[in-house]
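K.L.:
Have a look at the structure that comes next, please.
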Amino acid sequence: MASQDWFDKDFYAVLGVKKDVSDADLKKTYRKLARQFHPDSNAGDAKAEARFKEISEAYSVLSDKELRSEYDQVRAMGSGARFTSGAGGPGGGFEDVFGGLFNQGRGARQGYGTAGFEDLLGGMFGGRGGGFGTASGGYQGFGGPSKGGDLTANTTLDFLTAIRGETVSLQMQNGHETKVKIPAGVADGQKIRLKGKGQPSPDGGPAGDLVLTVTVRKHPIFERDGLNLRVEVPVTFAEAALGATIEVPTLDGGPVKLRVAAGTPSGRVLRVKGRGVTTPKGTGDLLASVVVAVPSHLTPAAKEALEAFTAAMPEENPREELLARGGRG
């Protein structure tokens, strides 16, 4: 952003804070406004989107100590003036700004040549004699050295690798290879921003970022649900009806034992604490869904025993309530 624009923009007023606002209060105010006007919360609202951009621009300057200091100096110096040609014709506006500031009128042209303006700006904004907008350490405009461009990349990980985290090698667009540390618990479709892994700055500023999109391959039995892991566990009819202790697989170790209570229906979820996905946000659980396995083939003896069991059971229709509700329209 050209610092010339700062003359016309009161970022403190945009955020509704005082000039001496603390960093903590500034961040708190920004987060509140960002949540209020975020495009995701105001779909199709052009005014809210414009307001969100205005808020983000103001915070990006005021949250950076160096930029905030420059902004305050530019605002104090300019008092509404702009670095453009004034009514005096070409070349008059830029010098007239400084002439007015130092009560020299157009006589400022005699006191400040090109080198004089560079020295003035260099001293005001932290330059060390490198010149204004030069490659030897000066700034390209009041905003300082520009950041390099961002790069994008994609990588595909095994399910277990995504859960545990790992350092992987990526082939970049320029043909170079770079190593990237994938954090533990990364999810399918997640974007990771890696600071300083993008394109270099053209004028000595910080490098851009690498935005990495992660694709995670499916696991044969486990499925991720936030920080939790889900797995379906078959049990026999007898185990579900009479109760049993069964073994359930885990992703990061051997099986664990779970107690299936007598009369457990198919679909009931048994929870194993702390055996899910671990990230800086916390650790999830393993959720084991009980699935009653029905035998596809019965021996004559088993069939006879099952028929005897059916005869011993009271006559009831498990679909009676379902049918009754369906008939209510």
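K.L.:
Just to be sure I understand: of the beta bridges DSSP finds with both ends in segment 223-298, what percent are antiparallel, rounded to 5?
P.N.:
On the way: 14 of 22 bridges.
For segment 223-298, the DSSP antiparallel bridge percentage is about 65.
K.L.:
Lysines within cross-link reach of Lys273: Cα-Cα under 19 Å, excluding same-chain residues under 8 positions apart?
P.N.:
Those lysines meeting the cut-off are Lys257, Lys281.
K.L.:
What's the magnitude of the charge dipole for segment 190-329 around its Cα centre, counting Lys and Arg as +1 and Asp and Glu as -1 at the beta-carbon? Answer in Debye, nearest 20. Spell out each step's value before the answer.
P.N.:
On the way: 19 positive and 15 negative charges, 168 e Å.
Computed about the Cα centre, the dipole is about 800 debye.
K.L.:
Take each of the peptides 303-314, 155-166, average the number of other beta-carbon atoms within 10 Å over its residues, and list them starting from the highest.
P.N.:
Descending mean neighbour count gives 155-166, 303-314.
K.L.:
Name the long-range amide H neighbours of Ile182: under 5 Å, sequence gap of 5 or more, or other chain; modelled H, no Pro or chain starts.
P.N.:
When sequence neighbours closer than 5 places are left aside, the close amide H contacts are Glu166, Thr167, Val168.
K.L.:
With θ set to phi - 60° and the Karplus curve 6.51 cos²θ - 1.76 cosθ + 1.60, what are the ³J(HN,Hα) couplings of segment 30-46 in order, to the nearest whole Hz, using x for Gly and Pro?
P.N.:
4, 4, 5, 5, 5, 5, 5, 10, 4, x, 5, 9, 9, 4, x, 9, 5
K.L.:
Amide H neighbours of Leu157 under 5 Å, at least 5 residues apart or on other chains, H built in the peptide plane: list them.
P.N.:
Thr215, Val216, Arg217
K.L.:
What are the ³J(HN,Hα) values, in whole Hz, obtained from phi via the Karplus relation 6.51 cos²θ - 1.76 cosθ + 1.60 with θ = phi - 60°, for each residue of segment 199-204 in sequence order, with x given for Gly and Pro?
P.N.:
6, x, 6, x, 9, x
Taken together, the values in this text are just the output of simple stated rules run on the coordinates, not laboratory data. As the structure is a prediction and not an experimental result, all values here were calculated from the model. As a convention, Cβ positions derive from the backbone with ideal geometry for all residues, glycine included, and neighbour counts pool all protein chains shown.
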